[in-house]
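**Q** Let me begin by handing over the structure; questions about it come next.
The values are calculated or read from the model by the stated rules, or taken from the named source; none is laboratory data. A quick note: this is a predicted structure, and the numbers were derived from the prediction, not measured. No Cβ is skipped: glycine too gets one built from the backbone with ideal geometry, and neighbour counts run over all protein chains shown.
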Amino acid sequence: GREARLRVVLRVRPLTCMETRRGDQPVVHSLGDGTVHVSAPKHDATFGFSAVFDASTSQEAVFEGSGMRQLVELAIDGFSCTVFAFGQTGSGKTYTLMGPLNQTETQPAAPGLLGLMQRSFSCLLEQSRSHGSDLALSASYLEIYNEQVRDLLSPEPSCALPLRWSKTRGFYVENQLCVDFESLEAIANLLLQGSQRRRTSAHALNRHSSRSHALLTIYIRSQAVSTCPELGGGACPSKQGTLCFVDLAGSERVKETGSSGELSVEANNINRSLLTLGHCISLLAKPQGKRTYIPYRDSKLTRLLARSLGGSGITLMVACISPSSRCLSETLSTLHYASRACRVTTRP
Ligand code: ADP
Ligand code: MG
């Protein structure tokens, strides 16, 4: 019942080939000790987080240094755990969560490049084996595209699913598929299959830009064990935890991405839900006594994240930024957003 702060870590990706070719200068420098310094004409600021990963940090080091392993363990212990990646389009959110793009079931990424998700799956299944397979695992995978919830596990092009609220469950999605799995291959394939169904569009900042928010949730049920020494041989109560991975669609300026028509409708929907998320975070960052009404209902995204952000969840935020001088204003906005999030508390 104690308050827990959101854990916020920052990842600065390397300059891309294109950025290097056109002569972009890096303006973000890690100072060690969880701080970064942004130095550009008229801008000179330092920001601190629980951890900062610079361009040279490996995927494995991000997994170990972000506290992701502990989050997996807490989910097994019955907590609702969420990790979300946010930042400008092209800042490395999907890379951090899943590794490089264009992976397929027959051609997965090199093990060293796998992201937080696959590493968490391995960790979960290892723990599951050591628990003597008394953990029942299942997964759902949804996307929010243009304010509609779609099922990424459904093989048919699915229609929008209704989002409902109940006193016992809070906000939930009706009729979502929930698939049981027992092996690492099975959950890794669900992730790849679902990701291929995600809406992406090519635009100026990222050739495979995700145009939707994607939420993969793993439900972990530890079944009651009949011989539990602590209870004198009686049954242990069963526990139910969740581990949710959220890949947010990137914030962007319509002008910079060259979006028009349908793309700008998407961009406006994305920006509106991110704005609502930002607004909820600002309100949640106020001390508990001074909090006013939190407008979770203003977007589907914030409804689905209500528990992780303000309720009983344990949350890790991974803010992603590009070091390039050209991304300065988006980078500063991500850094401010992330700094506010550091003050948000929940009661796990
Ligand atoms: P986002 O999901 O934020 O839009 P991506 O994850 O798709 O961005 O990353 C944009 C590009 O940058 C991709 O080509 C990706 O492979 C590359 N990239 C991102 N982060 C890294 C990193 N830490 N190391 C190497 N390449 C990266
Ligand atoms: Mg992406």
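**Q** Is it the case that some residue within the stretch 98-110 is assigned to a strand (DSSP E or B) and either of a type outside the set (K, R) or touching a residue at least 60 places away in the same chain (Cβ under 8 Å) (or both)?
**A** Within the stretch 98-110, the subset assigned to a strand (DSSP E or B) is none.
No, the conditions are met nowhere in the stretch 98-110.
**Q** How many residues are at pLDDT 90 or above and either within 16 Å of ligand 2 (Cβ to nearest atom) or not polar (S, T, N, Q) (or both) when one looks only at the stretch 1-47?
**A** Going through the stretch 1-47 one residue at a time, the tally reaches 29.
**Q** Out of all the residues in the stretch 24-66, which are of a type in the set (S, T, Y), in a strand (DSSP E or B) and exposed (fewer than 15 other Cβ atoms within 10 Å of the Cβ)?
**A** Correct list: T35, S39, T46.
**Q** Additional query: Take A85 and tell me if it is outside any loop (DSSP other than H, G, I, E, B) and either within 15 Å of ligand 1 (Cβ to nearest atom) or over 27 Å from L332 (Cβ atoms) (or both).
**A** yes
**Q** For the stretch 138-151, enumerate the residues that are more than 16 Å from L301 (Cα to Cα) and surrounded by 21 or more Cβ atoms within 10 Å (Cβ to Cβ).
**A** Across the stretch 138-151, the qualifying residue is only A139.
**Q** To continue, here is another question. Considering L125, L153, L137, L142, which residue is touching a strand residue (DSSP E or B) at 6+ places or on another chain (Cβ under 9 Å), under 22 Å from F84 (Cα atoms) and either free of Cβ contacts under 8 Å to residues at least 40 places away in the same chain or assigned to a loop (DSSP other than H, G, I, E, B) (or both)?
**A** Details: L125 fails: either free of Cβ contacts under 8 Å to residues at least 40 places away in the same chain or assigned to a loop (DSSP other than H, G, I, E, B) (or both); L137 fails: either free of Cβ contacts under 8 Å to residues at least 40 places away in the same chain or assigned to a loop (DSSP other than H, G, I, E, B) (or both); L142 fails: either free of Cβ contacts under 8 Å to residues at least 40 places away in the same chain or assigned to a loop (DSSP other than H, G, I, E, B) (or both).
Exactly one of L125, L153, L137, L142 is touching a strand residue (DSSP E or B) at 6+ places or on another chain (Cβ under 9 Å), under 22 Å from F84 (Cα atoms) and either free of Cβ contacts under 8 Å to residues at least 40 places away in the same chain or assigned to a loop (DSSP other than H, G, I, E, B) (or both), namely L153.
**Q** So D134 passes all but one of these: (1) modelled with pLDDT of 90 or more; (2) more than 30 Å from R13 (Cβ to Cβ); (3) surrounded by fewer than 20 Cβ atoms within 10 Å (Cβ to Cβ). Which condition number does it fail?
**A** (1)
**Q** Still on this model: Taking interchain pairs and intrachain pairs at least six residues apart, which have beta carbon atoms under 9 angstrom, with the first residue in the stretch 56-71 and of a type in the set (D, E, K, R) and at pLDDT below 95 and the second away from ligand 1 (no atom under 13 Å from the Cβ) and not in a helix (DSSP H, G or I)?
**A** Within 9 Å, no pair qualifies.
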